[in-house]
Amino acid sequence: MKSLIIQAAKEAGKIQLKRFGKIKFVKTKDKKSYFTNVDLECEKIIINSIRKKFPKHNIISEESAKIDNQSDYTWYIDPLDGTHNYIKGFPLFGVSIGLERKGKMKFGVINLPFFKEIYFAEKGKGAFLNGKKIKVSDNKDLKKSLIITDMSLRDRGDIIIEILNKLRGNSYDMRSFGCAVYGYTSVAKGNADIYYTTYTHPWDVAAGALIVEESNGKVTGFKGEPWHPNNKKFVASNKKIHNKILKIIK
């Protein structure tokens, strides 16, 4: 499974780089977001590779209907996270694939092809960037923290602004990149101290949250509850300032 999940992410990443700046079409979905031919091409490659070896596994992927075979195994796939960035030629985008077994995340891989970075984590065995073990930051001071979030103001703008007001004066700085895989991996390798999102989908969080945890970080819901891909709100941190950020934003 490890070799399959990494290879699938690599192949999808190759397509993203090859098509970068050469998108054939952009279409809308749910009147809120976009998808491209690249999203579909990447998804097809990933799903085909999984179904070829594990035809009875469940699959939850962003651009396709759920495949529910009542299996103990469920794959969570975001074939192109950061699609809006990709469309605009902004290089923060990537591939996210997570595998869950009996309700617990087992494997997670994120490929940031523009940066030639592949992150991999296996439950209980650590997290790695291009084969080298990584860990979260040692920062204990929330007021010295760098926070990453996603601010999609086309909806839920009131909630986003409310949290920003709460954080004002309680952190050193904040960035919004519109790319969940970049947020989670930034926390996992210690470049940022916190990543939070007020609304997300299962395929956005499954791999990233496991990678943060296996980097000795912490991921929960806004109330401190254990995380699961089906939740909507998440906070990922270096663990040492986790409770401090929860007190402010919950």
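Every read-out reported here was derived from the displayed coordinates using simple, explicitly stated rules and does not represent laboratory data. Source: prediction; values computed, not measured. Ideal geometry is used to build each Cβ from the backbone, glycine not excepted, and the neighbour counts take in all protein chains shown.
Can you list residues from other chains, or at least 5 along the same chain, whose modelled amide H is less than 5 Å from the amide H of Ile194?
Leu146, Ile148
Taking the beta-carbon count within 10 Å as an exposure proxy, list Arg175, Arg19 from fewest neighbours to most.
Neighbour counts put them in this order, fewest first: Arg175, Arg19.
Quick one: among Ser171, Ser137, Ser61, which has the greatest mean-square fluctuation in a GNM of the chain with alpha-carbon springs under 10 angstrom?
Ser171
Looking at the square roots a ≥ b ≥ c of the eigenvalues of the Cα gyration tensor of the stretch 142-249, which shape do they give, rounded for a/c under 1.5, prolate if a/b is larger than b/c, or oblate?
Rounded is the answer for the stretch 142-249, as its axis ratio a/c remains below 1.5.
Which order do the peptides 105-111, 221-227 come out in when sorted by mean C-beta neighbours inside 10 angstrom, highest first?
Ranked from most to least packed, the peptides come out as 105-111, 221-227.
Going through the cross-link list Lys144/Lys218; Lys53/Lys233; Lys32/Lys189; Lys10/Lys132; Lys102/Lys218, which pairs have a Cα-Cα distance over 24 Å in this structure?
Lys53/Lys233; Lys32/Lys189
What value, in deg cm²/dmol to 500, does the helix sum -39500 (n - 2.57) over DSSP H runs of n ≥ 4 give at 222 nm once divided by the residues of the chain?
-10000 deg cm²/dmol
Could you give me the percent of Cα pairs per 10 Å distance bin for the stretch 2-133, shortest bin first, beginning at zero and ending with the bin that holds the maximum distance?
Final binned percentages: 12, 44, 33, 11, 0.
Grab the Cα-Cα distance for Lys166 and Met1, subtract it from 0.36 nm times how many residues apart they are, and report the gain in nm with one decimal.
So the chain would gain 55.1 nm between Lys166 and Met1.
Rounded to whole Å and sorted largest first, what semi-axes of the equivalent ellipsoid does the C-alpha gyration tensor of the chain yield via the square root of 5 times each eigenvalue?
27, 21, 17
Could you tell me the distance between the Cα centroids of the stretch 78-145 and the stretch 193-250, to the nearest Å?
The stretch 78-145 and the stretch 193-250 have Cα centres spaced 13 Å from each other.
Give me the one-decimal nm value for the distance between modelled label points at Glu225 and Lys125, 7 Å along each residue's Cα-to-Cβ direction.
Calculated label separation equals 3.1 nm.
What nm value, rounded to one decimal, do you get for the distance between Arg51 and Lys247 when each label is placed 7 Å out toward the C-beta?
It works out to 5.1 nm between the two label points.
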